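The values are calculated or read from the model by the stated rules, or taken from the named source; none is laboratory data. Just so we're clear, the structure is a prediction, and the values are computed from it rather than from any experiment. Backbone-built Cβ (ideal geometry, glycine too); neighbour counts: all protein chains shown.
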Amino acid sequence: MQPFDPRELIDAARREYPEQPWIAEALGHCTEAFSVSRWMVHFVDPAKPNEPGSAWQFRENVILESPADGDIVLDILKDGRVGAIEYLGRLLGHNGRAR
């Protein structure tokens with residue numbers, strides 16, 4: 001596990017989804033990362049996604065906007081945890097927007 005500072009993401013979630021405070025709260029628990037690359041950070045082991053017994057049970061994506069990184073996709077799991085974040089702008093090599 002590696003330390004992770006979710007403060008910028010929490011601020012973005014509060015600003016962009018004030019009617020859904022659970023998003024910022026879920027991000028507040030993302031202080032240790034399972035794996036980290038330049039464009040993706042996993043907080044939950046992604047092995048065997050959506051299979052019985054796997055910690056990774058996907059529910060939905062939530063998109064945050066970052067002036068520096070473009071769209072940031074949150075992978076929300078069925079239990080409300082943030083399983084991973086994907087920095088699309090970094091992946092695309094610019095401030096990419098998915099929308």
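Couple of notes before you dig in:
- Members of segment 13-28 that are surrounded by fewer than 14 Cβ atoms within 10 Å (Cβ to Cβ) and part of a loop (DSSP other than H, G, I, E, B): PRO18, GLU19, GLN20
- Scanning segment 54-71 for residues that are part of a strand (DSSP E or B) and modelled with pLDDT under 95 turns up GLU65, SER66, GLY70, ASP71.
- Output for segment 13-34, where each listed residue is of a type in the set (A, V, I, L, M, F, W, C) and over 12 Å from the mean Cα position of the chain (by Cα): TRP22, PHE34
- Residues that are closer than 13 Å to ILE76 by Cβ, outside any helix (DSSP H, G or I) and in contact with a Pro (Cβ under 6 Å, 6 or more places away or on another chain) occur in segment 29-36; there is at least one.
- Among the residues making up segment 1-12, those that are outside any loop (DSSP other than H, G, I, E, B) and not charged (D, E, K, R) are GLN2, PRO3, LEU9, ILE10, ALA12.
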